[in-house]
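Visitor: Structure in structure tokens, see below.
The values are calculated or read from the model by the stated rules, or taken from the named source; none is laboratory data. Given the structure is predicted, the values throughout are model-derived calculations rather than measurements. Methodologically, a virtual Cβ is constructed for each residue, glycine included, from the backbone with ideal geometry; neighbour enumeration extends over all protein chains shown.
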Amino acid sequence: MDRTERTIKWRSLPNVSNDANEPHNPLPAVCDVSVTNVCNAACDFCGFSREKKMAGPRRYLDPDAFERAMPMLRRRKIRYMTLQGGEPLVHPQIESLVSSATKAGIQCGVITNGWFLPRHIKQLAAAGLKRLLISIDSADMSEHEHNRGLPGLAARIREGIAQAHAFGIPVCATVTVSHLVRYAALPETLSHLGFDSVVFSYPRRDAFGSTSLVYDENSKLVDLSRDELLEALSAIDGLKKHFRVMDPSAALDEVARFVRGEQQLIPCIAGSKYFYIDWNLDVWRCEPWHEPMGSVFDLDRLPDQREPCNACMMGCYRHASVLMHGAKAVTDSVYALGRGELRNAVGLLFQRGVAYSLWALATEELPRTALTALAGRPGARRSSPQGA
């Protein structure tokens, strides 16, 4: 299927406007960019593992093409971007990618296993890196190193974090919910390593429809029962008393509803305010989605996909959706009012979950952190309990 056919098929879906030129909601949007399918680690629960041979031929995002794509991303309101992999620091021109995003006015972060961090952090900081996320699998670092297949990783993480702080870059641990995690022991380990905060991702065994391989259908580490998942979500919420946890409580509640098979309050914003872009520069609604929207170079002609979806519990999309759903409804309502569509404007404000989302936006840690970053105020290390 060529790009034109993809676009035609996409526009035929329900809740997709056929007018690709209609004004997009002015709120800032987010995208995750997989810059390579290569990884130096051997994680049990990830298909990018160097030992699993799932990734196929080595692929690296073309830096020149990426730079040419920046105006399209800006016009689509992309203002926050996270470079991922595979392992993004194996990309031979990772600093160039960060620089291109920064020059385009997009706040750029990187999520890494940390092995190559001491080698790259100075250049990444010079390129304009704003956020650093490092994967942690266990409070026991020997257990973490074993799962990653990288002996000596803890020392490299500690060194990389210290250097990042010297450049004023905040560092967040990203922890996959698995049988390796001992939640009560995490704060001590994360504080010892130097982390400022932690965010959790929820386990995935089912294959994605996209090029992303951040799953493993056979991993026993992420084979959690319903009760084990609910217990983990409760433990994460409880950690907020002891460490800076970025997962919104409202998002944790939404994931718990998903696990229990209950109706969720907030539809996913992927396809309108959150996108996944791979090393081919294809744009996807999200990583689990079954087909791409099209090439990034066609983005000006690709309409938003607003079909309501609650089909997965991926943390990045859940968190953003909970925090943006209400604000998106308010701005959409203002636009409708400006067009004289009073009934539509009122209806947008009374969508399911709008009030819940606005409450989360007003009370959660994540938006306050984003506003601090936008204001240019370098935050002090806050590994202490929230609100302390």
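Visitor: Taking the stretch 316-352 as the search range and keeping residues that are touching a Ser or Thr at 6+ places or on another chain (Cβ under 9 Å) and among the small types (Gly, Ala, Ser), which one is nearest to Ser249 (Cα to Cα)?
Guide: Among those residues, the one meeting the criterion is Ser321.
Visitor: Quick check on the stretch 195-220: of everything there that is part of a loop (DSSP other than H, G, I, E, B) and β-branched (Val, Ile, Thr), which residue is nearest to Arg318 (Cα to Cα)? Explain how you work it out, then say what you get.
Guide: Start the filter on the stretch 195-220 by keeping residues that are part of a loop (DSSP other than H, G, I, E, B), which leaves 195-196, 202-220.
Within this subset, residues satisfying the condition of being β-branched (Val, Ile, Thr) are 211, 214.
Working: Thr211: 20, Val214: 16 Å.
Applying the filter and picking the extreme gives Val214.
Visitor: Look through the stretch 337-363, keep the residues that are without any contact (Cβ under 8 Å) to a residue 40 or more places away in the chain, outside any helix (DSSP H, G or I) and surrounded by 13 or more Cβ atoms within 10 Å (Cβ to Cβ), and return whichever of them is farthest from the chain's Cα centre (by Cα).
Guide: Ranking the candidates gives Glu341 first.
Visitor: Provide a single number: the residues in the stretch 280-292 that are crowded, with 22+ Cβ neighbours inside 10 Å and within 16 Å of Met70 (Cα to Cα).
Guide: 1
Visitor: Does Phe258 qualify as being of a type outside the set (S, T, N, Q) and either in contact with a Leu (Cβ under 6 Å, 6 or more places away or on another chain) or at pLDDT 95 or above (or both)?
Guide: no
Visitor: Give me a count of the residues in the stretch 259-279 that are touching a Cys at 6+ places or on another chain (Cβ under 8 Å), at negative phi and not in a strand (DSSP E or B).
Guide: 2
Visitor: Here is a further query. Has the stretch 197-211 got any residue that is closer than 19 Å to Glu145 by Cβ and not β-branched (Val, Ile, Thr)?
Guide: no
Visitor: Let me ask something else. Return yes when Ser295 is buried (at least 18 other Cβ atoms within 10 Å of the Cβ), over 17 Å from the mean Cα position of the chain (by Cα) and not charged (D, E, K, R) and no when it is not.
Guide: Judged against the criteria, Ser295 is a match.
Visitor: A further question follows. I need the full set of residues from the stretch 174-203 which are over 17 Å from Gly238 (Cβ atoms) and hydrophobic (A, V, I, L, M, F, W, C), in order please.
Guide: Answer for the stretch 174-203, where residues must be over 17 Å from Gly238 (Cβ atoms) and hydrophobic (A, V, I, L, M, F, W, C): Leu180, Leu193, Phe195.
Visitor: Within the stretch 137-153, track down each residue that is outside any loop (DSSP other than H, G, I, E, B) and either small (Gly, Ala, Ser) or touching a helix residue (DSSP H, G or I) at 6+ places or on another chain (Cβ under 9 Å) (or both).
Guide: Hits for the stretch 137-153 are Met141, Ser142, His144, Glu145, Leu153.
Visitor: Can you name the residue in the stretch 298-332 that is within 30 Å of Val199 (Cβ to Cβ) and more than 22 Å from the chain's Cα centre (by Cα) and is also surrounded by the most Cβ atoms within 10 Å (Cβ to Cβ) among such residues?
Guide: Asp332
Visitor: Quick one: in the stretch 74-107, which of the residues that are of a type in the set (A, V, I, L, M, F, W, C) and assigned to a helix (DSSP H, G or I) is nearest to Leu27 (Cα to Cα)?
Guide: Result: Ala101.
Visitor: Among the residues of the stretch 275-282, are any among the aliphatic types (A, V, I, L, M), within 15 Å of the chain's Cα centre (by Cα) and more than 23 Å from Phe208 (Cα to Cα)?
Guide: Among the residues of the stretch 275-282, not one is among the aliphatic types (A, V, I, L, M), within 15 Å of the chain's Cα centre (by Cα) and more than 23 Å from Phe208 (Cα to Cα), which makes the answer no.
Visitor: Would you mind finding the one in Asp227, Asp237 that is surrounded by fewer than 21 Cβ atoms within 10 Å (Cβ to Cβ), in contact with a helix residue (DSSP H, G or I) (Cβ under 8 Å, 6 or more places away or on another chain), at pLDDT 95 or above and farther than 18 Å from Ser210 by Cα?
Guide: Asp237
Visitor: Right, something else. Considering only residues that are part of a loop (DSSP other than H, G, I, E, B) and aliphatic (A, V, I, L, M), look in the stretch 44-73 and name the one that is surrounded by the fewest Cβ atoms within 10 Å (Cβ to Cβ).
Guide: Quick first cut of the stretch 44-73, residues part of a loop (DSSP other than H, G, I, E, B) only: 44-59, 61-62.
Next cut, aliphatic (A, V, I, L, M) only: 54-55, 61.
Details: Met54: 14, Ala55: 19, Leu61: 22.
Among those that are part of a loop (DSSP other than H, G, I, E, B) and aliphatic (A, V, I, L, M), it is Met54.
Visitor: Identify the single condition in (1) farther than 30 Å from Arg285 by Cβ; (2) buried (at least 20 other Cβ atoms within 10 Å of the Cβ); (3) not aliphatic (A, V, I, L, M) that Phe116 does not satisfy, given that it satisfies every other one.
Guide: All conditions pass for Phe116, except number (2).
Visitor: Collect the residues in the stretch 154-194 that are part of a helix (DSSP H, G or I), of a type outside the set (A, V, I, L, M) and either crowded, with 22+ Cβ neighbours inside 10 Å or at pLDDT below 95 (or both), keeping them in residue-number order.
Guide: Gly160 - this is the single residue of the stretch 154-194 that is part of a helix (DSSP H, G or I), of a type outside the set (A, V, I, L, M) and either crowded, with 22+ Cβ neighbours inside 10 Å or at pLDDT below 95 (or both).
Visitor: Just the residues that are of a type in the set (S, T, N, Q), free of Cβ contacts under 8 Å to residues at least 60 places away in the same chain and surrounded by 19 or more Cβ atoms within 10 Å (Cβ to Cβ), please, taken from the stretch 138-153.
Guide: Looking only at the stretch 138-153, we keep the residues that are of a type in the set (S, T, N, Q), and these are 138, 142, 147.
Within this subset, residues satisfying the condition of being free of Cβ contacts under 8 Å to residues at least 60 places away in the same chain are 138, 142.
Once the filter is applied, which keeps residues that are of a type in the set (S, T, N, Q), free of Cβ contacts under 8 Å to residues at least 60 places away in the same chain and surrounded by 19 or more Cβ atoms within 10 Å (Cβ to Cβ), the stretch 138-153 yields only Ser138.
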